[in-house]
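The values are calculated or read from the model by the stated rules, or taken from the named source; none is laboratory data. For clarity, every value in this text was computed on a predicted model and none was experimentally measured. As a convention, Cβ positions derive from the backbone with ideal geometry for all residues, glycine included, and neighbour counts pool all protein chains shown. When the accessible area is computed, the model is the full protein with side chains, heavy atoms only, and any ligands, DNA or RNA have been set aside. Shrake-Rupley method; radii C 1.70, N 1.55, O 1.52, S 1.80 Å.
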Amino acid sequence: MAKTVPWYYKLSPDGFARYFLIKEILKRTFGKKKEINILDAGGKENSLWAMIKDERLPYKLTVIDILP
């Protein structure tokens, strides 16, 4: 049985690397048990949220952008 690949794996290499590195830095800095608030200014996709959710990290993410 084939394992489904998360949609954010299909991002451009630059986009994936950006969100993956941010997630890893947050995880290593704050751990998996400390709840933190994250503001993603200019975030257009749910990539960071999806990675945080997949890792079951207790982080609260707010995304703001001037574009709908």
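Database remark: amide H of residue 38 closer than 5 angstrom to the amide H of 60, 61, 62 (H placed geometrically; neighbours at sequence offset of 5 or more, or on other chains; Pro and chain starts carry no H).
Would you calculate a helix-derived [θ] at 222 nm for the chain, using -39,500 (n - 2.57) for each DSSP H run of n ≥ 4 and dividing by the full residue count, to the nearest 500? Let's see the in-between values first.
Values: 2 runs with 26 residues, N = 68.
Per the formula, -12000 deg cm²/dmol.
For the range 1-62, applying the loop criterion from DSSP together with a ceiling of 15 other beta carbons within 10 Å to the trypsin sites (Lys or Arg not before Pro) yields 3, 32, 33, 34, 44, 56.
Using Cα-Cα distances under 8 Å and only pairs 6 or more residues apart, what relative contact order does the chain have, in percent? Could you put the intermediate results ahead of the total?
Working: 59 pairs, mean separation 23.1, N = 68.
Normalised by residue count, the contact order of the chain is 34 percent.
The accessible area of residue 35, taken with all protein chains in place and a 1.4 Å probe, comes to roughly 110 Å².
Tally up the carbon and sulfur contribution to the accessible surface of the chain as a whole percent, 1.4 Å probe, everything protein left in place. Don't jump to the answer; show the numbers that get you there.
On the way: 3200 of 5460 Å².
Carbon and sulfur atoms account for 58 percent of the accessible area of the chain.
Only lysine pairs 8 or more places apart, or on different chains, with alpha-carbon atoms under 23 angstrom apart are counted in the chain, and they number 23.
Using only Cα coordinates, the Kirkwood hydrodynamic radius of the range 6-68 works out to 12.1 Å.
If DNA, RNA and ligands are ignored and the probe is 1.4 Å, what is the ranking of 40, 65, 54 by accessible area, most exposed first?
Values: 40 25, 65 55, 54 90 Å².
The ordering from most to least exposed comes out as 54, 65, 40.
The candidates 63, 5, arranged from most to least accessible area with a 1.4 Å probe in the full protein assembly, appear as 5, 63. Taking amide H as placed 1.01 Å from N in the peptide plane, residue 11 has no amide H partner under 5 Å among residues 5 or more places away or on another chain.
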